[in-house]
1. Can residue 110 be described as under 14 Å from residue 14 (Cβ atoms) and more than 10 Å from ligand 2 (Cβ to nearest atom)?
2. Report, ordered by the first and then the second residue, all pairs with beta carbons closer than 8 Å, sequence separation of six or more or different chains, a first member in region 65-82 that is more than 9 Å from ligand 1 (Cβ to nearest atom), and a second member that is in a loop (DSSP other than H, G, I, E, B) and at pLDDT below 90.
3. Condition test on residue 36, is it surrounded by 13 or more Cβ atoms within 10 Å (Cβ to Cβ), at pLDDT below 85, closer than 17 Å to residue 70 by Cβ and touching a helix residue (DSSP H, G or I) at 6+ places or on another chain (Cβ under 6 Å)?
4. Yes or no: residue 71 in contact with a strand residue (DSSP E or B) (Cβ under 6 Å, 6 or more places away or on another chain), surrounded by 11 or more Cβ atoms within 10 Å (Cβ to Cβ) and over 16 Å from residue 14 (Cα atoms)?
5. So how many residues does region 1-16 have that are modelled with pLDDT under 65 and under 15 Å from the mean Cα position of the chain (by Cα)?
6. Got at least one residue in region 74-83 being within 9 Å of ligand 2 (Cβ to nearest atom) and within 16 Å of residue 49 (Cα to Cα)?
7. Please verify whether region 17-31 includes one or more residues that are modelled with pLDDT of 85 or more, more than 30 Å from residue 97 (Cβ to Cβ) and crowded, with 17+ Cβ neighbours inside 10 Å.
Ligand SMILES: [Zn+2]
Ligand SMILES: [Zn+2]
C-alpha cells in the first residue's frame, strides 16, 4: 500500500496529460512521428521522469520558483518539429563541438527527449 495514493494519482494524471498534449501536437505532423509517440509513452512510464514531474509539482505547490527551460536546442536537434513544452523532466545526452567533441547531459522536456530518441534509433 502506498502511503500517498493521492500523490501517485496526481503524477499519473500529469504524465498522461503531458503525453496527451504531445500526442496531439505530434498527430498533426503525421505518420512519421509514431515512433516519437511510442517513446513518449515509455518516458511517461519511467519512474525517474515521474519523480521529476512530481518534484516540480511539489515545488510549485510549496510556492518555490521552478526553473523552466528545455536545453535541447530544438533548431539543431530536431529542425522542423516544434514539440517543445519547455518543461524539463528528463535529460538527454547531447554532443557539442567546443574544443573537440564534448558530451553533456542537458535538461530536456519530454516531447524533445522523445523526438531525439526516435531519431537515434
Ligand atoms: Zn527540442
Ligand atoms: Zn523541449
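The values are calculated or read from the model by the stated rules, or taken from the named source; none is laboratory data. Computed from a predicted model, the values in this text were never measured in an experiment. We place every Cβ from the backbone using ideal geometry, glycine too, and count neighbours over all the protein chains shown.
1. Values: under 14 Å from residue 14 (Cβ atoms): yes; more than 10 Å from ligand 2 (Cβ to nearest atom): no.
Criteria not met by residue 110.
2. 68/86; 68/87; 69/86
3. Values: surrounded by 13 or more Cβ atoms within 10 Å (Cβ to Cβ): yes; at pLDDT below 85: yes; closer than 17 Å to residue 70 by Cβ: yes; touching a helix residue (DSSP H, G or I) at 6+ places or on another chain (Cβ under 6 Å): yes.
The answer is yes for residue 36.
4. Values: in contact with a strand residue (DSSP E or B) (Cβ under 6 Å, 6 or more places away or on another chain): yes; surrounded by 11 or more Cβ atoms within 10 Å (Cβ to Cβ): yes; over 16 Å from residue 14 (Cα atoms): yes.
For residue 71, the condition - in contact with a strand residue (DSSP E or B) (Cβ under 6 Å, 6 or more places away or on another chain), surrounded by 11 or more Cβ atoms within 10 Å (Cβ to Cβ) and over 16 Å from residue 14 (Cα atoms) - is met.
5. 0
6. No, there is no match, as no residue in region 74-83 is within 9 Å of ligand 2 (Cβ to nearest atom) and within 16 Å of residue 49 (Cα to Cα).
7. no
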